[in-house]
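Down below is the structure, laid out as structure tokens.
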Amino acid sequence: MSIKIRCIIDILKGKTALVTGASSGIGKAIAILFAKEGANIIATYHSGKERADAVVDEITGYGVKAKAYELNVGDEADVKKLFAEVDAEFGDFQILVNDAGINGSNIPVEDMSTEIWDRVMKTNLYGPFFCSREYLQLKKKYKTYKGSRIINVTSIHEYVNVLGNANYNASKSGMRNFAYTLALKLASREMTVNNIAPGMILTPINEKVIDDPRKLAAAEAIIPFHRGGKPEDVANVALFLASDASSYVTSSTYVVDGALSILGPNV
């Protein structure tokens, strides 16, 4: 495959990033931008092997190493297996991006089954816990905490509630506090942990809105920017948090929402 011409400065040259949920949407945008900036990419996907392989093909076109792994982040054994394979293939790596997530159920609590509650919690909260734990075990093995990064893609709904989405709201607020606790623990080792909280980003998770012009127009009219965000808007913030420029930045949430969240609850 020919190498693509690019006009960049290789901000992440020599580094390797594991990005969960990298086959589409925000995860895909982050993986591709990191690759453009010189990072090797470990891309995980839950379904859609063809999409994941296409992302890897695009990434390797930038002259970096990349490999796709199927992963259910909510399955503890699956996560352990992945990290063992990654350790054998890549060894130590510097950046973990916990992006994989699913939307809420829009079901009132009184009608919500435990199964539906658990499905969202397993993916959105247990997943980042499992991946972060195994990543920290890797850091312990290689003794390379300093300069390493954990970046969580949460949501403005980590603190702005959505009616009927109790499981989603709870999972995202849990991610926030989990990250802040980790940041305190790892600060003395100069390892950073931060969250990115997107608003309405035009990705497949919002396909019901994107595919209906009237719903999309109504949703965008509420946003002070009067448009939905692009996955690249989130990826650009992730690049800053992954880079050396953010070496003194930790325990923070960066909101990427066109000022939507300042409108208050139930936006």
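The values are calculated or read from the model by the stated rules, or taken from the named source; none is laboratory data. This one's a predicted model, so the numbers in the text were calculated from it and none came from an experiment. No Cβ is skipped: glycine too gets one built from the backbone with ideal geometry, and neighbour counts run over all protein chains shown. The area values use the complete protein model at the heavy-atom level, side chains included, leaving out ligands, DNA and RNA. Shrake-Rupley method; radii C 1.70, N 1.55, O 1.52, S 1.80 Å.
Descriptive notes on the structure:
- The modelled label-to-label distance between Tyr145 and Thr114, using points 7 Å beyond Cα along the C-beta direction, is 3.7 nm.
- Considering only Ile151, Ile41, Ile223, the Gaussian network model of the chain with Cα springs below 10 Å gives its largest mean-square fluctuation to Ile223.
- Per residue Cα convex hull volume in Å³ - calculated over segment 156-267: 104
- Farthest positive-ward along the chain dipole, Cα basis, beta-carbon charges - from Ala52, Thr20, Phe83: Phe83
- Value of Rg/Rh across segment 30-134 [Cα atoms, Kirkwood radius]: 1.04
- Element breakdown for segment 186-230 at a 1.4 angstrom probe: carbon and sulfur atoms account for 58% of the accessible area.
- Electrostatic bookkeeping for Ile102 treats Lys and Arg as +1 and Asp and Glu as -1; over the other residues with beta carbon under 11 Å from its beta carbon, the sum is +2.
- What the chain shows is 48 Å² of accessible area per residue, with the surface traced by a 1.4 Å probe over protein heavy atoms.
- Highest mobility in the GNM of the chain, judged by mean-square fluctuation with C-alpha springs under 10 Å and restricted to Asp212, Asp78, Asp118, is found for Asp212.
- Between Ser251 and Asp211, the simple spin-label model (points 7 angstrom out along Cα→Cβ) gives 4.4 nm.
- Applying 0.36 nm per residue to the separation of Ser47 and Glu89 and subtracting their alpha-carbon distance, the gain on full extension is 13.0 nm.
- For the chain, alpha-carbon Rg over 2.2 N^0.38 Å: 0.97
- Dividing the convex hull volume of the alpha-carbon atoms in segment 82-212 by its residue count gives 123 Å³ per residue.
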